[in-house]
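As structure tokens, the structure follows; a few thoughts come after it.
The values are calculated or read from the model by the stated rules, or taken from the named source; none is laboratory data. On a predicted model such as this, the values are computed, not experimentally measured, just so you know. With ideal geometry, Cβ positions are generated from the backbone for all residues, glycine too; neighbour counts draw on all protein chains shown. Surface accessibility is based on the protein's heavy atoms, side chains included, excluding ligands, DNA and RNA. Shrake-Rupley method; radii C 1.70, N 1.55, O 1.52, S 1.80 Å.
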Amino acid sequence: MKISIEAPCKINLFLDIIEKRPDGYHAIETAFHTIGLCDRISLKDAERTTLSVSGRYAALTGDPENNLIMKVYRFFSEEYDFDRPLAIDLEKNVPVGAGLGGGSSDAAHIIMALDRIGTLGLDAATMSAIAVRFGADVPFFINGGFAWGSGIGEVLTPYPNRLSGYAVIAYPRIAIATKDAYQMMSPADFNRGNMAAFQASLNGPVDKIDKMCYNIFQEVLLKGNDELARAKKAMERTASAEAHLSGSGSAFFFLFDTRRKATLVHHALTDGCANIDVFLAPLA
């Protein structure tokens, strides 16, 4: 047996914090959308279970034994008696600490892969319940697409239609831990996004939606990180377009309705901005 899986990442088109909950987590409202920038996970039968990591961002993933993929595998071994040893290879193409959910997507896709390999017959609700054990946005990647997230991000309401267009992702090679980003936030920062206006924009083209994107972390992170602020200014000056932070940072995205427009900006950023990794991906 040998299978290969693509694990797409996401952008947050809208992200606001509603409150800090008594359990220490933050209640949020967000709009997730998957994009066609993917990690690749390969699995094959082996004498013992191992995880090897390759690809552009392999060096940033840390000890493989602490990777979410291995944590999911151990959970299945304990809870479902999954005893099939696998050699797993993760080709890490999604930037790390970027707010793109690459690790969460990897975890979700391993959940689905182990369910299939072990013929466990888990339904989407059960897999989502497993997924939230490994991160608030992991359940989103069970189905992917376009969805509104509430609670800590795990309460999902799918939008009926995915958006049509392209995203250019610009990663300034700065890793920001989600925990650190949330610790920078205070109640005075909460509830500043206009959710109603964003949702109303969904009836229009992507360039209209682009103008209504919002991320509560953007202002705070830019004030607290001069390098990130300089990178954003350089991106916007080069692209002649507004850059939007994804998740808790540090990657920014630009939205376009045609591949031609996206390609022009992709080339401009690649040629004009030093120390920034640039990707072009369809909304998926």
- Query: What do you get for Rg/Rh of the chain when both radii come from the Cα atoms and Rh is the Kirkwood radius?
  - Reply: 0.96
- Note on the structure: Per residue, accessible area of the chain with a 1.4 Å probe, heavy atoms of protein chains only, in Å², comes to 45 Å²
- Exactly which trypsin sites (Lys or Arg not before Pro) in the range 148-181 are in a DSSP loop and have at most 11 other Cβ atoms within 10 Å? none
- Query: What length, rounded to one decimal in nm, is gained on full extension from residue 271 through to residue 242, with 0.36 nm per residue of separation minus their alpha-carbon distance?
  - Reply: 8.6 nm
- Item | Members of 211/261; 92/233; 10/44; 20/211 lying beyond 22 Å, as alpha-carbon distances in this model show | 92/233; 10/44; 20/211
- Query: Using a probe of 1.4 angstrom, how much of the accessible area of the range 162-217 is carbon and sulfur, in percent?
  - Reply: 50 percent
- Cα principal axis extents for the range 5-135, largest first, Å: 48, 33, 24
- Once label points are set 7 Å from the Cα along Cα→Cβ at both residue 186 and residue 223, what is their separation, rounded to one decimal in nm? 0.8 nm
- For the range 49-65, Karplus-derived ³J(HN,Hα) couplings (6.51, -1.76, 1.60; θ = phi - 60°; whole Hz; x for glycine and proline) come out as 7, 9, 10, 10, 10, 10, x, 4, 10, 4, 5, 9, 8, x, 5, x, 5
- Taking Lys and Arg as +1 and Asp and Glu as -1, residues besides residue 225 with C-beta under 12 Å from its C-beta add up to -1
- Query: What does the charge dipole of the range 218-284 about its Cα centre add up to, to the nearest 20 debye, if the Cβ of each Lys and Arg holds +1 and the Cβ of each Asp and Glu holds -1?
  - Reply: 160 debye
- Query: What spacing in nm lies between the two simple spin-label points modelled at residue 21 and residue 2, each 7 Å away from Cα in the Cβ direction?
  - Reply: 4.3 nm
- Item | Amide N proximity, the range 74-105 versus residue 120 label position 7 Å along Cα-to-Cβ, cut-off under 12 Å | 74-84
